[in-house]
Amino acid sequence: MTVPHPGARVAVLVAAAGAGWEAEVLDRLERGGPGLVLAKRCVDLTDLLASASTGLASAAVLAVDLPGLDVDSVATLRRDGVGVVVVGGPDDLLGGESDRLLRLGVSRVLPATGLDPLADAVLHAGLDAGIDTGRGRSTAPEPADDTGPAAGEDARENAAPRGRLLAVWGPAGAPGRTTVAVGVAAELARAGHATFLLDVDPYGGAVAQHLGVLDEVSGLLAAARSANSGLLDADRLGAYARQVADGLRVLTGLPRADRWQEVRPSAFDDLLDVARHLAGHVVLDTGFSLEADASDPFGGVAPQRNQTTLAAVRSADEVLVVGAADPVGLARLARGLVELRDLVPGVRPRVVVNRTRSSLGWSDREIRGMVEGFVTPLDVHFLPDDRPAADRALMAGQSLAETGDSELRAALTALARAVAGDPAPPAPGRGLRRRRAGRAR
């Protein structure tokens, strides 16, 4: 158990939402000793977040049914250096509700009928939040004892297999990000690797159209809503995905570009973490922009249009950068590589030059030399301008792995093998068997 420093002092916010236990909590805080002080009683979540942003407190005691309490609001509190303790009645904490609340990021869940540990829970929540955010409001506690239940759960979590995250990114101008993402994912599945393809383009993705998936419900939005409520786990995410072929699941993207704000940053981070437990390879078809929106002049946390793309690129184990081989495309690729290098210093992307053709007049060596002038890539791959094969797959709503052999498919197969670190070709005759009906479970 963490032992608080004798000189630690934690100011506390309380948002009880009219719960009957509020008076007892206030009394216990007053009797909690010199380490605790009531900073403010907040009327609702908006009041709570505004008070937390001022640096007024280091911990908060909240009602389990406080309207608007979700993973994003808890993350906002923690960014402001405020640890969270949730209190609920016996009926409020049934059916795994405590586990859901802990997935939101709260420090401790207490029943209203068992408030004896309140002072200790609040003090430790404040200390932990100060450490997490670096705000320095609290004295750091000593290292926790690793023998408790929470430590055991963390150990099991860390021991669980985690898939490799591949972000497919490219600059503006439709260089072929989705074609490459779908092609690589399909070839990884064809080679026997469990693969999960996520459409996370905040400007409205096209993976569903490429694969002929006619879902009325966006898998990305459904998963983001569950994550924001603390309900997302591997089984639920698998249910939101579509299994389109053996070894290949797809999470469809935004149905309209204007719905990007429904994918909250903290929920998206949780979604990516859960996705890693569903497949050995997680392929993200991202947007084009790496630009961060202007910060809120009043110090708030404003929604970021490109947050999903930025988070995907920053958290990826490998970034695959797609650029077109024509003069405009190569100029955009060069600028994009500089942007990527500035965003993720030291990054070594795998660069894919798409739609190469002899009529452009550049050799592969010359293009490789241009790329290496901006970054040190893992490798540079070249995909031919095989328009008939690409059109055939797009019109059929299938991946290139399903529509027969072609120059483009052969190049994507080689690219997928490089991504997987598997130089051996797939077994002869092994195809990608289509599965249209039903969802992955």
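Scan the stretch 239-249 for residues that are crowded, with 19+ Cβ neighbours inside 10 Å and either under 12 Å from the mean Cα position of the chain (by Cα) or over 17 Å from Gly205 (Cβ atoms) (or both) and the total you get is 2. Residues in the stretch 399-409 that are in a helix (DSSP H, G or I) and surrounded by 15 or more Cβ atoms within 10 Å (Cβ to Cβ): 2 in all. Per the conditions (1) under 17 Å from Asn228 (Cβ atoms); (2) more than 28 Å from the chain's Cα centre (by Cα); (3) of a type in the set (Gly, Ala, Ser), the sole criterion not satisfied by Gly68 is (2).
For the stretch 220-259, the set of residues classified as among the small types (Gly, Ala, Ser) and in contact with a Gly (Cβ under 8 Å, 6 or more places away or on another chain) consists of Ala241, Gly247, Gly253, Ala257, listed by residue number. A single member of Ala23, Ala57, Ala75 is within 31 Å of the chain's Cα centre (by Cα), assigned to a helix (DSSP H, G or I) and at pLDDT below 95, and it is Ala75. Against the condition more than 21 Å from Val419 (Cα to Cα) and at pLDDT 95 or above, how does Glu372 come out, does it pass? No; evaluated as a whole, the condition is false for this residue.
Of the residues screened, Val109 is not one that is within 26 Å of Glu24 (Cβ to Cβ), modelled with pLDDT of 90 or more and open to solvent by less than 10 Å² (accessible area, probe 1.4 Å).
For the stretch 364-398, a residue qualifies if it is assigned to a helix (DSSP H, G or I), under 15 Å from Leu337 (Cβ atoms) and among the hydrophobic types (A, V, I, L, M, F, W, C), and the qualifying residues are Ile367, Met370, Val371.
Just one of the numbered conditions (1) modelled with pLDDT of 95 or more; (2) open to solvent by 30 Å² or more (accessible area, probe 1.4 Å) is not true of Val14: (2). The condition of being modelled with pLDDT of 95 or more and either in a helix (DSSP H, G or I) or not basic (Lys, Arg) (or both) holds for only one of Leu231, Leu290, that being Leu290.
Of all residues in the stretch 250-270, exactly one satisfies the criterion of being in a helix (DSSP H, G or I), open to solvent by less than 10 Å² (accessible area, probe 1.4 Å) and either closer than 14 Å to Thr309 by Cβ or touching a Lys or Arg at 6+ places or on another chain (Cβ under 7 Å) (or both), namely Phe268. Restricting attention to the stretch 193-206, does a residue exist that is more than 21 Å from Ser289 (Cβ to Cβ) and hydroxyl-bearing (Ser, Thr, Tyr)? Yes. Just so you know, in the stretch 304-363 the residues that are over 27 Å from the mean Cα position of the chain (by Cα) and part of a loop (DSSP other than H, G, I, E, B) include one that is surrounded by the most Cβ atoms within 10 Å (Cβ to Cβ), and it is Ala325. Across the stretch 378-393, the qualifying residues are those that are out of contact with any Ser or Thr (no Cβ under 8 Å at 6 or more places or on another chain) and crowded, with 19+ Cβ neighbours inside 10 Å, and the one among them that is nearest to Thr178 (Cα to Cα) is His381.
The values are calculated or read from the model by the stated rules, or taken from the named source; none is laboratory data. Everything numeric in this text was worked out from a predicted model, so none of it was measured. Reconstructed Cβ throughout: ideal geometry from the backbone, glycine too, with neighbour counts over all protein chains shown. Side chains are part of the model used for accessible areas, which takes the heavy atoms of the whole protein and leaves out ligands, DNA and RNA. Shrake-Rupley method; radii C 1.70, N 1.55, O 1.52, S 1.80 Å.
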